[in-house]
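Visitor: Can you keep this structure in mind? I'll have questions shortly.
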Amino acid sequence: MLKEILIVALLSMTPVLELRAALPAGIAMGMDPWVCYGLCVAFNMVPVPFIILLLRYVLQWLHGFGGKADKLATWVEEHAQKKTQVYKKYQILGLFLLVAIPIPGTGAWTGALVASFMGMRLKDSVPPILFGVAAAGLVMLLVSMGVIHIMN
């Protein structure tokens, strides 16, 4: 069981994959769906405060290296800037919706990037990201359970 929890934790904290991959993987490995859901939501939130608080410093540091590091930092800034323009108007609701829709390019990492670029404080940005992760997790739980039910 520890191995499954570790896999779910690592997948949940990985950008792009997040709980969209962790939840079906955990259920496929035989974990209880609701336990897996809770673990996925919790572990998906682990990197969020660090991203919000430290992102700008890390990007400045990467720019200092030049070359590929600079290109990576520029790509992250451009990606977040595209998302930020749309969500600036709606802030908290927009941040929730951005995270809650479980499709590629959305999720806790993107929500934290946008919150950081919008200059949102942790107390204002973490709750909508958490509720968005919980909503996306419910969607993925229902989809995963439906797919598993159909396959059986």
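Readers should treat all values here as calculations from the given coordinates under stated rules, not as data from a laboratory. Please read all numbers here as calculations on a predicted model, not as lab measurements. All Cβ positions, even for glycine, are placed from backbone atoms using ideal geometry, and neighbour counts span all protein chains on display.
Visitor: Roughly what angle does helix 91-100 make with the longest principal axis of the chain, taking Cα atoms, 0 to 90 degrees, to the nearest 10?
Guide: Computed tilt is about 40 degrees.
Visitor: How would you rank VAL8, VAL126, VAL139, going from fewest to most other Cβ atoms within 10 Å of each one's own Cβ? Could the numbers behind the result be given before it?
Guide: Values: VAL8 26, VAL126 20, VAL139 16.
If I rank by nearby Cβ atoms, fewest first, I get VAL139, VAL126, VAL8.
Visitor: Going by how many other beta carbons lie within 10 Å of each one, how would you line up THR106, THR74, fewest first?
Guide: On the way: THR106 19, THR74 13.
Ranking THR106, THR74 by Cβ neighbours within 10 Å, fewest first, gives THR74, THR106.
Visitor: Just subtract the alpha-carbon distance of LEU54 and ALA42 from 0.36 nm times their residue separation and send over the number in nm, one decimal.
Guide: Working: separation 12, 0.36 × 12 = 4.32 nm, distance 2.00 nm.
So the chain would gain 2.3 nm between LEU54 and ALA42.
Visitor: Where q = 0.15, 0.21 Å⁻¹, what log10 of I(q)/I(0) comes from the Debye formula for the chain, counting one point per Cα?
Guide: -0.76, -1.20
Visitor: Taking the alpha-carbon distance from LYS3 and a cut-off under 19 Å, which aspartates and glutamates remain once sequence neighbours fewer than 8 residues away in the same chain are dropped?
Guide: The reachable aspartates and glutamates, counting only those whose Cα sits under 19 Å from LYS3, are GLU18, ASP32.
Visitor: A follow-up question, please. Please arrange ARG56, ARG20 by how many other C-beta atoms lie within 10 Å of their C-beta, fewest to most. The partial results should precede the final answer.
Guide: On the way: ARG56 13, ARG20 24.
Fewest-to-most ranking of ARG56, ARG20: ARG56, ARG20.
Visitor: Report, in deg cm²/dmol and to the nearest 500, the calculated mean residue ellipticity at 222 nm for the chain, where each DSSP H run with n ≥ 4 adds -39500 (n - 2.57) and the sum is divided by the residue count. Display every interim value, and only then the final one.
Guide: Values: 8 runs with 126 residues, N = 152.
It comes out at -27500 deg cm²/dmol, rounded to the nearest 500.
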